Amino acid sequence: MLQVNLLGEQSVTDDDGRVRARSSRALLLVAYLVVHAGVPQTRQHLAALFWPDSADDQALTNLRRELHRVKAMLGDDPALVVTARDLCWTDSPTCRADVRSFALVRAAARAAAAAGDEEQQLARAGAAVACYRGEFMPGGFDDWVLDARAELEQQCVDLLDMIAGRDTGDAAIAAARRRVGLRPLEEPGYRRLMELQAAAGDRAAAVSTYHRCASVLERELGVDPDPRTRATLERLLAPTAPQTAPPARVRSGPAAARLVGRTDELARLRAAWRAAADRPGLVVVRGEPGVGKSRLVAELAAECRRAGAVVAVTQGFGSAGRLALAPVADWLRAPEIRAATQRLDPVRQAEIDRLVPSAGTPEATTDTWQGHRLFDAVTRALVAVDRPLLLVVDNLHWCDQETLAFLTFCLGAATGAPLLVAATARDADPDQEPGLPEWLARMRTTQGLTEIEVHPFEVADTATLAAAATGHPLDDDAAALLQATTGGFPLHVVEAVRCVDPGDPGDLGSVLRHRLDAVSPPARAVAGLAAAVGRDFTLDLLGAASDLPDDAVVAAVDELWRQRILRETWDGYDFAHDLLRACAYEQAGPPTRWLSHRRVARALEVLHAGDLDAVSAQLAEQYARGGRGARAVGWYRRAAAVASGRYAHAEAVRLLDEARSALAAAPAGRGRDTDELAVLEATAAPLNALHGYSSPRLRDTLERSVELATALGDRGATLSGLVGLWSSQFVSGDVTAAHVTASRALGLVDAGSELAGPAHFAVGGSELILGRPAEALRHLDRSAEIGGNPPLSVGTRSDVHGRAFAAHAHWLLGHDEAALTTCRDAIELARTTGSSYGLAVALGYGAVTHQLRDDRDALRDTVAELRELCARFDFTYYREWAMVLDGWCRGGAAGADLADRGIEGLTGKAALVRMPYWLSLRADLAARDGRTGEARTTLDAAVAGVRARDESWWLPEALRMRAAHDDDHDTAAERLATAARLAADQGSVALLRRCLADFTARGVPAPEVGLPEAG
């Protein structure tokens, strides 16, 4: 079965959901035939319609070419009837077009209506409306497309009117709401929706519908709702409106919807939009609060919508109660993007469910690399819109690190897509995301960031804006006074002229306080409660949290909306500006704020009982600000788990830090220690994902975890903490301490415990670096035998990592073939696990094995795959391994530079384990290029590193290589003898063989050392 999708998208898909065609001239030809189904279209007519500027013969040639593509798209399906004279579309059981499905079901509804069967009429009308998934051929602007689009939309509107007019239940409300969405400038749809909502007992929703209607009409047409619509609202509010509420049902002053000034800034925004037609772009509008950044970007958004682009809008909030990647989730909820998401494969849809869950909550993960799967899925959803796309994010300075990381990924990955991200950001906001300045600096160099600075108005524009807001012009003296008072900030100008005494409005804070003081006491109380929410909110939330009756809350919100203190959003309300929110919050006073936070928290729990994860961060912040720290801790932990499920590790750490801060105020005792341990255990994984195991903070966290777990007598937590602490100590090069920690862990574990694998791995890894390869092999083999559950604290499986590490022990012991076999087994096993990170580990260790064996062909192949994998998933630690090994293999100046960058990367992360090995490879590069002095110095550093960190395993080789650069023969022989004795003592057959070969090459006798027996 083929599906031709022309409503809401342009594509042809097969049974498996594979897209056969999208947005092509051939699909446009199919669309025309489908719209005129059953009516043959002559070739001459089609050629002239589609290629009006071409000669007749050329137009027919073009038609033949596109017909060939249509046949390739549809195969031999009989829906397309082709003759020498004409083309025709007929309905086929093996090829379904959504336009035809809509038409057929609509005809059935009309037939039921003619027969007087109202039940069937409603059922068929509902089915037809379900077929209408969006406008016809979105993004197409041919005359015939516009005509067909308008006709199909009108047919859908007629069906919706019929459903909404003949029913009063949920189906009627849904129909009326959709009708408003299709025809947002037609008031009858709003009135019917208000009536249905009121009949259902949802007066709050009816009032919100009126507010949305009024705002759309004001913004798009500059008019108020007509008397019939206002009368509908009056009937809803009149019985319950408090006497203190203003009787007038009009908003305070004009909205000043027309953009004033900003000619140059808007021209630059338009230029950025044009430049993004064939490549993704980023533009950030910057300036102080109240200077008009959001209004400027909103103007661009309106223009793009009118031109047929898809526009998705979101904003950041200056509160801790945020979910990671919430702005990205908002974009994904846009109807056009949501529809595009449904066209992705199931794996990518499952990733997007982490942000906009369709069922349940995604499992938390600590694998940073998996975050790239989520970013890739979201990027593909955005690209699949297949239309010019504008993503707006207001208040970029309050967005989380993961949102910034996604933008970096998306702009780099969506090559060729017509996509522009337009953001607003305050200059030097004290509460901004700490990483924003660095992110902007990177975007300037890598993504061609366009920055537009917005400044306050000059007096002429101030006067124009004031006139627009008041409805009458200002004389020169009044304009000069207003300019001097407001500084030309548009927000201050508009708020000042709305004051009772605009001649002397005072500073902005005074103006905002005056505006809030002017509303009724219930409205002022509701404003304070709304400010405590800290972000946008719904009427349901305010009603549940307020101690006022529901009708009084609705009337108060209506008053605040009329006074332009609140504005409606797509699903609720928000303050007209963040500065108004801050002012309302301050005016509430500490005791009132404390109580408001508790009430908001309780209301959130009640309203979102079925999906508390979605509001977990809000609940944590509300309880913390309401003085309920103990309750906040649990919600912070839950919110952190949600963040980890979205791969938002920085946000998870931030939330858990807030939890520890809340715990600091709790009384000392076993209960607090237990809670702190749980928070610390949850913190370790995202810290590792962010900074790696060599992070000093991670080490401190793990040490504190072990301390608390030991004091509490929690053996399992102690063991888990010890294995994690070993990883931190080991990677940072503190191998002796790591061995002590690993031995302690192994002493605690039961033979049959699932943690036995990680414990044996930890001991085996330490033993190898300490120069005891035989003992290391015993533990590493045991680790590999136990299996991959649970995963190691370093994020891999012991059956993979244990085998990969064991290959090095085999090589040292002289088991050359066993080393190669074990190395290959680890890589093949890693390929079956589905973990890209596990594969990177196996490839990294395998590359070292090939280097040790001096198998350069195998090394080149392995390093090439490893580098590609690390680049794709941004694996930093093994990326540096690959750079050093690849540099060693290449040689020359380019190889040395590559190796240097790898070593610098490891050193910068304080990942010092194996550093003597990496330095020896760098020394070999220098020696091969004849830079003996550099080689000598580098090897001296390697030897010093061995002795400083007890990395004895590589000391024999470092000394052997260093002896080659001794000018004095006796010194060289003595150094080489020391290396041979060390290798013999360690049982490192491979290294001893190298030493003995050097003695032979020098023509001097080797010392009397026993050669361990190689397996």
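The values are calculated or read from the model by the stated rules, or taken from the named source; none is laboratory data. The model shown is predicted, which means the values in this text are computed figures rather than measured ones. Every residue, glycine as well, gets a Cβ built from its backbone with ideal geometry; the counts of neighbours run over all protein chains shown.
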**Asked** Can you tell me which residues in segment 751-783 are in a helix (DSSP H, G or I) and touching a residue at least 60 places away in the same chain (Cβ under 8 Å)?
**Response** Leu768, Ile769, Pro773, Ala774
**Message:** If I filter segment 9-27 for residues that are part of a strand (DSSP E or B), in contact with a helix residue (DSSP H, G or I) (Cβ under 6 Å, 6 or more places away or on another chain) and of a type in the set (Val, Ile, Thr), do I get at least one hit?
**Reply:** yes
**Prompt:** Which residue out of Asp966, Asp998 is surrounded by fewer than 23 Cβ atoms within 10 Å (Cβ to Cβ) and either in contact (Cβ under 8 Å) with a residue 24 or more places away in the chain or in a helix (DSSP H, G or I) (or both)?
**Reply:** Asp998
**Asked** Are any of the residues in segment 648-668 over 28 Å from the mean Cα position of the chain (by Cα), in a helix (DSSP H, G or I) and not assigned by TED's automatic domain parsing to the domain that holds Ile352?
**Response** yes
**Message:** Based on this model, can you work out whether Gly201 counts as at positive phi, at pLDDT below 90 and out of contact with any Lys or Arg (no Cβ under 6 Å at 6 or more places or on another chain)?
**Reply:** yes
**Complete:** By residue number, the members of segment 276-326 that are within 23 Å of the chain's Cα centre (by Cα), among the basic types (Lys, Arg) and over 24 Å from Tyr573 (Cα atoms) are Arg279, Arg286
**Asked** Taking the condition in contact (Cβ under 8 Å) with a residue 24 or more places away in the chain, within 28 Å of the chain's Cα centre (by Cα) and part of a helix (DSSP H, G or I), does Ala601 pass?
**Response** yes
**Message:** Between Leu898, Leu919, Leu939, which is touching a Ser or Thr at 6+ places or on another chain (Cβ under 6 Å) and at pLDDT 95 or above?
**Reply:** Leu919
**Prompt:** So how many residues does segment 575-600 have that are at pLDDT 90 or above and touching a Phe, Trp or Tyr at 6+ places or on another chain (Cβ under 8 Å)?
**Reply:** 4
**Request:** Give the residues of segment 627-647 that are more than 23 Å from Ala685 (Cβ to Cβ) and either of a type in the set (Lys, Arg) or crowded, with 21+ Cβ neighbours inside 10 Å (or both), sorted by residue number.
**Result:** Arg628, Arg631
**Asked** Residues in segment 632-654 that are of a type in the set (A, V, I, L, M, F, W, C) and free of Cβ contacts under 8 Å to residues at least 40 places away in the same chain: how many?
**Response** 3
**Message:** Within segment 51-61, does at least one residue satisfy the condition of being touching a residue at least 24 places away in the same chain (Cβ under 8 Å), in contact with a helix residue (DSSP H, G or I) (Cβ under 9 Å, 6 or more places away or on another chain) and surrounded by 14 or more Cβ atoms within 10 Å (Cβ to Cβ)?
**Reply:** no
**Message:** When you scan segment 789-796, do you find a residue that is closer than 21 Å to Ala842 by Cα, crowded, with 24+ Cβ neighbours inside 10 Å and in contact with an Asp or Glu (Cβ under 9 Å, 6 or more places away or on another chain), even just one?
**Reply:** no
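Return yes when Ala624 is buried (at least 24 other Cβ atoms within 10 Å of the Cβ), among the aliphatic types (A, V, I, L, M) and within 30 Å of Pro490 (Cβ to Cβ) and no when it is not.
Taking the combined requirement at face value, the residue does not satisfy it.
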**Asked** Which residue pairs have Cβ atoms closer than 6 Å, lie 6 or more positions apart in sequence or on different chains, and pair a first residue in segment 253-268 that is among the acidic types (Asp, Glu) with a second residue that is at pLDDT 85 or above and part of a helix (DSSP H, G or I)?
**Response** Glu265/Leu296
**Item:** The listed residue being surrounded by 21 or more Cβ atoms within 10 Å (Cβ to Cβ) and closer than 25 Å to Thr907 by Cα, out of Leu725, Leu770, Leu719, Leu777
**Value:** Leu725
